[in-house]
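Read the structure below first, then the notes.
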Amino acid sequence: MRSTFLAKPNEIDRKWYIVDATDIPLGRLSSVVASVLRGKNKPTFTPSVDTGDFVIITNADKVKLTGKKATEKTYYHHSGFPGGLKERKAGELREKSPRKLLELSVKGMLPKTTLGRKQGLKLFVYAAGEEIAQVAQKPEVLDIKGLL
């Protein structure tokens with residue numbers, strides 16, 4: 001009788017991937033990146049252990065918003081004070097802080113637990129022209145268009 005494989009935290013080998021977000025729809029990019037952060041692309045995936053890889057997203061300001069999302073999709077944030085509800089449209093958020101748009105999208109697809117927050121820390125987002133700090137890790141190119 002075979003037993004179910006359970007990954008142990010000290011036996012996990014992590015890779016670094018780099019993704020170019022130019023002209024890729026936001027939701028499709030986010031879902032692929034979230035599954036790589038969780039480790040669902042590996043045969044050693046274990047739901048209760050962080051088996052995922054690190055992901056670097058470049059050109060975040062060139063991500064594609066399909067349909068009317070740029071003008072109609074709204075992101076809310078509350079300051080904690082009465083009357084402190086702030087709202088921004090997705091197009092405005094992409095113009096002012098494109099890193100935040102991708103981070104919100106990807107982290108919204110991760111589990112809402114301590115494990116999900118730990119997995120979200122392995123995401124690094126850069127807009128066009130920003131210097132990537134993780135060059136020493138020698139990231140591999142992740143072909144998102146082949147996975148869509």
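Read-outs: derived from the displayed coordinates by stated rules, not from any lab. Keep in mind the model is a prediction, meaning the values are calculated, not measured. Heads up, the Cβs are rebuilt from the backbone with ideal geometry, glycines too, and the neighbour counts pull from every protein chain shown.
Data table
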{"quantity": "Tally of residues being of a type in the set (D, E, K, R) and surrounded by 12 or more Cβ atoms within 10 Å (Cβ to Cβ) across the range 58-88", "calculated": "6"}
{"quantity": "Qualifying residue in the range 42-49 (condition: out of contact with any strand residue (DSSP E or B) (no Cβ under 6 Å at 6 or more places or on another chain), among the small types (Gly, Ala, Ser) and part of a loop (DSSP other than H, G, I, E, B))", "calculated": "yes"}
{"quantity": "Any pair with Cβ under 7 angstrom, 6 or more apart, that starts in the range 86-107 at a residue that is over 21 Å from ARG38 (Cβ atoms) and ends at one that is surrounded by 16 or more Cβ atoms within 10 Å (Cβ to Cβ) and acidic (Asp, Glu)", "calculated": "ARG94/ASP61; PRO98/ASP61"}
{"quantity": "Sole exception among (1) touching a residue at least 60 places away in the same chain (Cβ under 8 Å); (2) under 15 Å from GLY52 (Cα atoms); (3) assigned to a helix (DSSP H, G or I); (4) within 14 Å of the chain's Cα centre (by Cα) for LEU115, by number", "calculated": "(4)"}
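Listed here are the residues, each with its yes/no results for (1) touching a strand residue (DSSP E or B) at 6+ places or on another chain (Cβ under 6 Å); (2) of a type in the set (A, V, I, L, M).
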site	(1), (2)
ALA7	no, yes
TRP16	yes, no
THR22	no, no
SER31	no, no
THR74	yes, no
PHE81	no, no
ARG99	yes, no
